[in-house]
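Notes follow the structure.
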Amino acid sequence: MIAGNANNAHRNESVALALLKSASAFFIVSIVVLLGYLTFEGTKLFTVDHKSIFEFLFSPTFSPDTGQVGAAPFILGSLFVTGFAIAVGGPFGLAVGVFFSELAPPRVAAAMKPAIEVLVGIPSVVYGWLGLTLLVPLIRNMTGSTGFGLLSAGIVLSLMILPTVISLAEDAMRVVPNSLREGSLALGATRWETISRVLVPAARSGLAVAVILGIARAIGEALAIQMVLGNSPTIPHGLLNAASALTSEIVMDMGGAIQGSVTQHALFSMALLLLLIAMSLIVLVKFVVRRAT
Amino acid sequence: MIQARRRFTDAFASGALWGAACFVVLMLAALVGYLIYLGGSAISWHFLTGMSSEMNAGGGVGPQIYNSFYILILTLVFTVPVSLAAGIYLQEYAATGWFRSAVQFSAESLATVPSIVMGLFGLLVFVQTLRWGFSALAGALTLTVLNLPALTRVTQEALASVPGTLREASMAVGGTKWQTVLRIVLPSSIGPLTTGIVLISGRIFGETAALIYTAGTSVAHGRAAYDLSPLRPAETLAVHLWYTHSEALIPDVTRIGNGSALVLLMMVLIFNVVARVVGRALTMHITRKA
């Protein structure tokens, strides 16, 4: 009887482990299938339609119906709004992360933290709707432009990456050992001197990761910016110009693209490009973390 | 003199950090207030339960709200077991080695895949290759892949919060590893686990980009709108908000948009509050029993 139980337990153990392992293997299968599918579909533009990669990356004209598949306007649009978001939202997010870790009294942190979580949870269409009803008219009235364009999209994105940067920056600061804080303060440094000259340098790799993942968040955002960018497939000349990004162009054109058409192939190439950018940011994170340890 | 300047810099920098944090919170409050101001008048019983309209004013979002919950539940049915299992494996079982590194790297990569790209993946696999067409199931499976990494992370953190002494005690009285995980570790982590699942549910409820080309942008009319079949097009509330703004022909787009945006915001707030309250209650319950 006892031996039977032990046998059962042993069998359960190996069945359970097999199940747990296969669930974990599902991750590997997913990313491999995803990469495979998108690489296959995303390269048809070059293999089936015989367009050059050079044209896709650098030509400023996107008009797949006439055979022109230059995605440069969208690549530039994506890079610009992402750059804007990091330039504005990055320092801001880092500052708030440092605040939560170093300055905020526990009660204040407990009161403010839920607000950050709500910011994460707000759907991107709602950010887009806010941009559309609040920001676009505001910019229109202030500048006389249409209000749609890089500036509006950049501001919306700056807000959207804040929670990512804030929480990762806070985590990065928290893992700095207390002995560094105590040592610095014991030497007579003020709190700000401790933060700026001891803690931030000690946490720099974690803070860099916060910014990199903020970039990943920004470059992949689709709907919020599609709603305020103005969706013009041309190379923008200024902050107030309407523009388009890789993500927003996919959202706009995929619905009307015929399966197997050059348009659809070009859109899948753009999706593949986004995927490669996201993956290289992850590799960059790995590199930064490894170099720090 | 130098002392005074250092003290001034310190006070100034602290003030700036306080200012940045307060600014974020005030801005959120302002945005919430603005959405309530915009959407308050649009929301009525008829709006929340009524059928949507393609051409005329006065439509509601009843089917869209139904679809949002439908896809949420379907997604959780797939995501929760897989990410629980993966989380348990990574946290309790996996020794360091190539398999663990590969799983972890895959999870991190999946976590950064932009949701619109995930949507195209769903379009290719479920809508086109498997020929399901735009359907709730295609949408739910796409969201499953999209949310697995986050939910696995939640599971790992919840399990990590259980003290090692509990595991040792269970093993010491002859429990196997699996018995320990199933009867001791998992129940002890139920609080943070529930909080995490509910928070991620809020995100699934509001997801849009991954659904446009998988679950589609249309709903049936009349009683068919509340169909139980997973193989029908199922526009969610978030998709509806995007779609009405960008494509639809109805004259009262602004009213529908304001109302939908407010409902989505309220759902996020409700999910956040429920996550916290239920998570805390479960933790209290389990620690009192122990």
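Those helices (runs of 4 or more DSSP H) of the range A:94-185 in which at least 2 residues are within 29 Å of B:Leu199 (Cα to Cα) and without any contact (Cβ under 8 Å) to a residue 24 or more places away in the chain, considering only elements entirely within it, cover A:106-121. Filtered by the rule that a residue be surrounded by 15 or more Cβ atoms within 10 Å (Cβ to Cβ) and basic (Lys, Arg), the range A:5-30 gives a lone residue, A:Lys21.
Within the range B:160-187, the set of residues being more than 10 Å from chain A (Cβ to nearest Cβ) and closer than 22 Å to A:Ala6 by Cβ comprises B:Arg167, B:Glu168, B:Ala169, B:Ser170, B:Met171, B:Ala172, B:Val173, B:Thr180, B:Arg183, B:Ile184, B:Val185. Scanning the range A:182-207 for residues that are away from chain B (no Cβ under 12 Å) and over 22 Å from A:Val165 (Cβ atoms) yields A:Glu182, A:Gly183, A:Ser184, A:Ala186, A:Leu187. Do the conditions hold for B:Ala95, that is, is it out of contact with any helix residue (DSSP H, G or I) (no Cβ under 8 Å at 6 or more places or on another chain) and farther than 24 Å from A:Ser24 by Cβ? So B:Ala95 does not fit the description; no. A single member of A:Gly83, A:Gly131 is within 18 Å of A:Asn241 (Cβ to Cβ) and surrounded by fewer than 23 Cβ atoms within 10 Å (Cβ to Cβ), and it is A:Gly83.
When restricted to residues that are among the hydroxyl-bearing types (Ser, Thr, Tyr), closer than 23 Å to A:Ala172 by Cβ and crowded, with 24+ Cβ neighbours inside 10 Å, the range A:204-244 contains 0.
Within the range A:229-252, restricting attention to residues that are in a helix (DSSP H, G or I) and within 11 Å of chain B (Cβ to nearest Cβ), which residue is farthest from B:Thr214 (Cα to Cα)? The qualifying residue farthest from B:Thr214 (Cα to Cα) is A:Leu246. Of everything listed in (1) without any contact (Cβ under 8 Å) to a residue 60 or more places away in the chain; (2) within 25 Å of the chain's Cα centre (by Cα); (3) crowded, with 20+ Cβ neighbours inside 10 Å, the single unmet condition for B:Ile73 is (3).
Bear in mind that the values in this text are calculations on the coordinates, not laboratory data. Computed from a prediction, not measured in an experiment: that's the story for all the values here. Cβ coordinates were reconstructed from backbone atoms using ideal geometry, including for glycine residues, and neighbour counts include every protein chain displayed.
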